[in-house]
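To start, the structure under review is shown below, and the notes come after it.
The values are calculated or read from the model by the stated rules, or taken from the named source; none is laboratory data. Everything numeric here is computed off the predicted structure, so don't read it as measured data. For neighbour counting, all protein chains shown are included, and Cβ atoms are generated from backbone atoms with ideal geometry for every residue, glycine included. Note: areas computed on protein heavy atoms with side chains; ligands, DNA, RNA excluded. Shrake-Rupley method; radii C 1.70, N 1.55, O 1.52, S 1.80 Å.
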Amino acid sequence: MAVTREDVLRCAQLTHLSLREEEVEPMRKAMARLLEHAQSLEALDLAAVEPTTHGQALPLRRREDLPVEGLTQAEALGNAPSSELGCFRVPKVL
């Protein structure tokens with residue numbers, strides 16, 4: 001597939017890229033090489049290759065979901081620089 005100057009400019013417009021005039025031709029060549037490579041992949045016989053969703057089939061590590069004791073209110077507020085009525089006191093943010 002031949003990539004034209006207009007194709008490059010249209011892709012640049014769609015991707016909100018600003019190309020200088022001297023960048024258009026190198027970009028056209030790069031796009032043409034990329035499309036040639038993609039077309040070469042179509043020639044591969046992949047009928048026997050099973051589709052994959054992940055690179056490796058690793059089992060998920062899981063742990064039991066057991067309840068544990070949390071901090072008491074006094075422990076949670078123990079290192080707070082300021083507290084009021086059992087809550088953290090923070091500066092107003094407007």
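On the phi < 0 side of the Ramachandran plot and touching a Phe, Trp or Tyr at 6+ places or on another chain (Cβ under 6 Å): which single residue out of A48, A80, A30 fits that description? Reasoning before the result, please.
Numbers: A48 fails: touching a Phe, Trp or Tyr at 6+ places or on another chain (Cβ under 6 Å); A30 fails: touching a Phe, Trp or Tyr at 6+ places or on another chain (Cβ under 6 Å).
Within the list A48, A80, A30, the selection yields A80.
Whenever a residue of region 1-24 is within 19 Å of Q39 (Cα to Cα), its partners that are surrounded by 11 or more Cβ atoms within 10 Å (Cβ to Cβ) and among the charged types (D, E, K, R), lying with C-beta atoms within less than 7 angstrom and at least six residues away or across chains, give the pairs V3/R28; V8/R28.
Taking every residue in region 66-94 that is open to solvent by less than 100 Å² (accessible area, probe 1.4 Å) and pairing it with any residue that is assigned to a loop (DSSP other than H, G, I, E, B) and of a type in the set (D, E, K, R), at least 6 positions away or on another chain, the pairs with Cβ-Cβ distances below 7 Å are S82/R89; S83/R89. Among the residues here, G86 qualifies as at positive phi and not hydrophobic (A, V, I, L, M, F, W, C).
Just one of the listed residues (V3, V49) is part of a loop (DSSP other than H, G, I, E, B) and either at pLDDT 95 or above or surrounded by 10 or more Cβ atoms within 10 Å (Cβ to Cβ) (or both), and it is V3.
The lone criterion from (1) exposed (fewer than 11 other Cβ atoms within 10 Å of the Cβ); (2) within 26 Å of the chain's Cα centre (by Cα) left unmet by Q13 is number (1).
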